[in-house]
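The values are calculated or read from the model by the stated rules, or taken from the named source; none is laboratory data. Only a predicted model underlies this, so the values are computations on that prediction, with no experimental measurement involved. Cβ placement follows ideal geometry from the backbone for every residue including glycine, while neighbour counts extend to all protein chains displayed. The accessibility values were calculated without ligands, DNA or RNA, using every heavy atom of the protein model including side chains. Shrake-Rupley method; radii C 1.70, N 1.55, O 1.52, S 1.80 Å.
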Amino acid sequence: MISKNESINGWINGFIGVLLFSGSMPATKLAVMEMSPIFATIARAGIAGILALSVLLIYREKRPDKKQIFPLLLVSLGCVIGFPLLSALALQYVSSAHSIVFLGMLPMATAIFGVLRGGERPHPVFWLFSVIGSLLVIGYAVSQGISASPVGDILMLLAVILCGLGYAEGARLSKTLGGWQVISWALVLALPVMIPLFFIYFPEHIETVSFRGWFGLAYISLFSMFIGFIFWYKGLAQGGITTVGQLQLLQPFFGLALAAYFLHEPVSMGMLGITVGVILCVAGTKRFAK
């Protein structure tokens, strides 16, 4: 049973995580405009992995047991490799604003995997609010008339599915291993693959990458790949996967605002009204999560 204080702390940590994740797609777009999506994925995982390994060694964290290895591999597959790579590839075909549309389906994916893998059983009304919130996000983005690419859409859909799996699996594991330890070990598990690939895919003309490109890579490496997960997994473990996971419904709107400001991508003022509706849906899911 989750206590009231745990629930509140879970929502606070989850909200911080969502804020940090909101810059992921615009920052990824900045990176892939000047470097290959494969290198951007490898570099973000490698940089974050070295940082995670350093922190684990400094705090002398004990290694995961055998039962925790497979869940960690799922986290690594979904959050370290799957979502970053597929979303980066998708951004070659669609704008960051369009890719953010699909993040509206991420809470649903996380909730489904939370039920399948975490054993959570929310009230049926929870699903109603979750579906309405997702439809509001998707409907808003479609109303913007953003041109779409079937290839980009398929890549983003697959990215969301893998990310939902990684979120739910990491939250479940956080209860026994700890929030920051989960993403740290998941990154470390990927390091033996990422380090050799880093040199194989290193850009030939690195001098052509501007400050904007390096800034995008730095953001997704530090905040999207490591720091954001510390708050996110802790929040999910404290407040529940299906409950706190619905905060992701707010992520597309923060992301759209950043895309409009930094990338000058068009975003309608209708965002305000839809955001209010989404917030009400988040409140509804919180009310009926148990």
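So, counting K/R as plus one and D/E as minus one, what does the shell of residues with Cβ under 14 Å around Ala27 add up to? Let's see the in-between values first.
Working: positive: Lys29, Arg44, Arg212; negative: Glu34, Glu265.
Here the charged neighbours net out to +1.
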Residue by residue through segment 254-264, which ³J(HN,Hα) values in whole Hz follow from phi under the Karplus form 6.51 cos²θ - 1.76 cosθ + 1.60 (θ = phi - 60°), with glycine and proline marked x?
5, x, 5, 5, 5, 5, 5, 6, 8, 9, 6
Using a cut-off of 13 Å between beta-carbons, work out the net charge of the residues near Ser224 (Lys and Arg +1, Asp and Glu -1, Ser224 not included).
+2
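Hey, can you find the accessible area per residue of the chain for me, probe 1.4 Å, expressed in square angstrom? Write out the running numbers ahead of the final one.
Details: 13030 Å² over 290 residues.
Heavy-atom accessible area per residue stands at 45 Å².
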Derived scalar couplings ³J(HN,Hα) [segment 221-237; Karplus, 6.51 cos²θ - 1.76 cosθ + 1.60; whole Hz; x for Gly, Pro]
6, 8, 8, 6, 9, 9, 4, x, 5, 4, 6, 5, 5, 5, x, 5, 5
Between Val142 and Phe70, the FRET efficiency computed from the C-beta separation at R0 = 35 Å comes out, to the nearest 0.05, as 0.40
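At a 10 angstrom cut-off on C-beta neighbours, averaged per residue, how do the peptides 191-200, 121-130 rank from highest to lowest?
On the way: 191-200: 14.5, 121-130: 17.0.
Answer by packing, highest mean first, reads 121-130, 191-200.
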Debye equation applied to the C-alpha atoms of segment 11-140, log10 I(q)/I(0) at 0.15 Å⁻¹
-0.95
Give the separation of the Cα centroids, segment 167-191 to segment 99-133, in Å.
20
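Using a 1.4 Å probe on the protein heavy atoms, what percent of the accessible area of segment 3-46 belongs to carbon and sulfur?
Details: 970 of 1470 Å².
Here it works out to 66 percent.
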So, counting K/R as plus one and D/E as minus one, what does the shell of residues with Cβ under 15 Å around Arg44 add up to?
0
Which of Leu128, Met194, Val151, positive extreme of dipole for the chain (C-beta unit charges)
Leu128
Quick one: which of Lys4/Lys234; Lys62/Lys175; Lys4/Lys62; Lys66/Lys175; Lys29/Lys234 span more than 26 angstrom between C-alpha atoms?
Lys4/Lys62; Lys29/Lys234
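What number, in percent, do you get for the relative contact order of segment 4-289 if the mean sequence gap of Cα pairs under 8 Å and at least 6 apart is divided by its residue count?
Answer for segment 4-289 is 42 percent.
What whole-number volume per residue, in cubic angstrom, does the convex hull of the C-alpha atoms of segment 68-176 give?
Numbers: hull volume 9.9 nm³, N = 109.
Hull volume over Cα atoms, normalised by residue count, gives 91 Å³.
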Based on the Cβ-Cβ distance from Ile50 to Ile154, what FRET efficiency comes out when R0 is 30 Å, to the nearest 0.05?
0.40
